[in-house]
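Here the structure comes first, spelled out in structure tokens, and everything after it is commentary.
Nothing in this text is a laboratory measurement; each read-out follows from the coordinates by a stated rule. Predicted model only: the values in this text are computed from it and were never measured. Every residue, glycine among them, receives a Cβ derived from its backbone with ideal geometry; neighbour counts consider all protein chains shown.
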Ligand code: HDD
């Protein structure tokens, strides 16, 4: 319903109430009205949705005096409550928890040799985008940092219509055929009888499904890697997953895979940190993106493509139409063709982030689908889900979903029709109206002309049967630290599985992936012997390792996009705090001051430094590196404060650089922190910044027993 723009307050007077019987309250306004008058400002007249001015927004209409019953006649109360009762819509069945931002995409390299799509051929054009990141399993009100795949959806409002690239931060998927999607999702969401676990993947049900679905093994390797515990949404990669086609003007086709690469580089957390972040800040990723955009520190991603022909695809040792397979960059290199920058936070979360409706079937001329059976199922599912989620067939008219280019057709009416089409003609062919829309062979969408022969049947190609080679490729391509994280993640997750035969079945599959991995997980679970491996239809092959699949070696040593916390108390040395802050900010970090009291601390120069966070509510998990600057007295005092001791102990355990002055040593001692290359004197701001740019991976074996 379009809301009427209310007239300025001065032009409309509240209606008079007529004669007030003596026994009723004499002042219609409630206390809230009086208090808000003091807040000042010029406010428009409050009205109902019909534009009727409201005189009292605090009290319902009563009969028989102020303590009498409320009246059904109160159309203002009824309208307000009715609207409120219907404020929620069904949340997404998957990817319910999301965070989005507006931005632009600018093409830097034309693909005109391969496609007619203007967004991929017109260098320099800035195309508006709306990009939503999400977790998969949790509900809309769950947390940002579980171990989970992250959704990465981009709506490009191109001049030729909306193009939605609906991907994830992982280039492969759990299943090969859309027929299995409801099953994998049912198994991963909370168990239906008990309603838990919430937020992250379920235990027995999920691993039961996985143990019986070997095609998911490659995706499981990714899910158990540090990719699923990202530091921030600004530091995740994105993948279109499927092969698509690019079509040139003659209809010639080239296959393409789309990749997003964050300009800040990829970065993850460590598992203990991710667990503690859930307690520290449910909205850690959403807040990070919000704060970065508000600060003008706009996150950006390069769009890269892998291009290959049908003949090249036929020579791959895997089937690229199988969404459980990736194409190693070493086989088909990435070409960067443009950059997306997110620079505007939505004005309203519900209207935009919640109501945005992505659909992989939204595609523009010059791009086409491949025969990937998972993609084909998706082409149906997304439009269908919006019909119930957004309530009817006109959701494309919601501003965030509407194309920004002209659009016209003969589709009419339906729930919540916002447009008022003019004229007699709502059909085609027609001859009665000169301006009714017509299809155009030249500009219109063209499909690739494919020849498919063979018999009809519910079948899976033999070329999809190798479930382990790429799982092995992924595991063996990781650095030793990442392999240890994966083994430990598997032990952690399987330790939550109560059913012994499910745990054993998974370890059995791991034997095909990598026998050493299977052994480490079996040891971590306390198994006396390795369970048998299931029969593999195709024996796994060794592929050349792909270093591009690692994270740790590819993380950028930088403080850009990262946050440094400085813990202070009364008497902290002002010069040291100032020098650390300056050094961190010059290196691109955001700096936050933490103190036992939010009012801050009176530093050695007698000046009060306000705090950005109070110690008990701002643990070191929310920072990338920390400094502790304390007077001797404050150090002694805080060494008996668990929040301060945890602050340094967690920073140390999470492999972060720590700068501490003499006064802070008492807290470090209470935290049992031993000096290493990442523990520095607070006077050495330069050394601290160097260490703060990276995680202290060498420290890990001293603080954690990994599988
Ligand atoms: Fe999906 C949402 C990504 C397979 C059915 N999916 C959804 C979102 C993302 C993905 C990022 C959130 C969109 C948003 O922010 O609103 N989905 C993927 C990827 C897949 C995939 C990368 C495999 C490569 N999805 C997939 C299949 C089906 C669906 C096979 C069904 C056959 N997905 C849906 C859905 C959702 C959805 C049920 C829920 C909400 C929505 O669509 O709008 O239709």
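Residue 705 to residue 312: FRET efficiency via 1/(1 + (r/R0)^6), r the Cβ-Cβ distance, R0 35 Å, to the nearest 0.05? Don't jump to the answer; show the numbers that get you there.
On the way: r = 46 Å, r/R0 = 1.30.
After rounding to 0.05, the efficiency reads 0.15.
Using a simple spin-label model with pseudo-atoms 7 Å out from Cα toward Cβ, residue 388 and residue 336 lie 4.4 nm apart.
Straightening the chain between residue 78 and residue 397 buys 112.0 nm, computed as 0.36 nm per residue apart minus the Cα-Cα spacing. Take the Cβ atoms of residue 70 and residue 422, set R0 to 41 Å, and the FRET efficiency comes out at 0.35.
Under the definition of Cα pairs under 8 Å and six or more residues apart, what whole-number percent is the relative contact order of the chain? Please report the intermediate quantities before stating the final value.
Values: 1346 pairs, mean separation 78.8, N = 707.
Averaging sequence separation for qualifying contacts and normalising by length gives 11 percent for the chain.
Which of the peptides 540-550, 231-241 is most tightly packed, and how do the rest follow, judged by the mean count of other Cβ atoms within 10 Å per residue?
Details: 540-550: 15.7, 231-241: 24.2.
Sorting 540-550, 231-241 by mean packing, highest first, produces 231-241, 540-550.
Normalised by the number of residues in segment 44-87, the mean separation of alpha-carbon contacts (under 8 Å, six or more apart) gives a relative contact order of 28 percent. Calculated on the Cα set of segment 559-703, radius of gyration then Dmax: 13.4, 43 Å. Once a ≥ b ≥ c are taken as the square roots of the eigenvalues of the Cα gyration tensor of segment 44-87, is the result rounded (a/c under 1.5), prolate (a/b larger than b/c) or oblate (a/b not larger than b/c)? Judged from the Cα gyration tensor, segment 44-87 comes out oblate (a/c at least 1.5, b/c at or above a/b).
Sort segment 339-456 into rounded, prolate or oblate with this rule: let a ≥ b ≥ c be the square roots of the eigenvalues of the Cα gyration tensor; rounded if a/c is under 1.5, and if a/c is not under 1.5, prolate when a/b is larger than b/c, oblate otherwise. The shape class here is oblate. Taking label points 7 Å from Cα along the Cα-to-Cβ direction, residue 179 and residue 279 give a separation of 4.6 nm.
Calculated [222 nm] ellipticity per residue, helices only, for the chain: -7500 deg cm²/dmol; basis is -39500 (n - 2.57) per DSSP H run with n ≥ 4, divided by all residues, nearest 500.
When only Cα pairs below 8 angstrom with a gap of at least 6 residues are kept, segment 559-703 shows a relative contact order of 24 percent.
Roughly speaking, what is the stretch gain from residue 45 to residue 404, that is 0.36 nm per residue apart minus the C-alpha to C-alpha distance, in nm to one decimal? Please report the intermediate quantities before stating the final value.
Details: separation 359, 0.36 × 359 = 129.24 nm, distance 3.24 nm.
Full extension of this stretch gives 126.0 nm more.
Antiparallel beta bridges, as assigned by DSSP with both residues in segment 559-703, represent about 10 percent of the total such bridges. The length gained on full extension between residue 371 and residue 554, counted as 0.36 nm times the residue separation minus their Cα-Cα distance, comes to 62.6 nm.
Could you tell me whether the chain comes out rounded, prolate or oblate from its Cα gyration tensor? Rule is a ≥ b ≥ c as square roots of the eigenvalues, rounded for a/c under 1.5, then prolate if a/b exceeds b/c, otherwise oblate. In terms of gyration-tensor shape, oblate.
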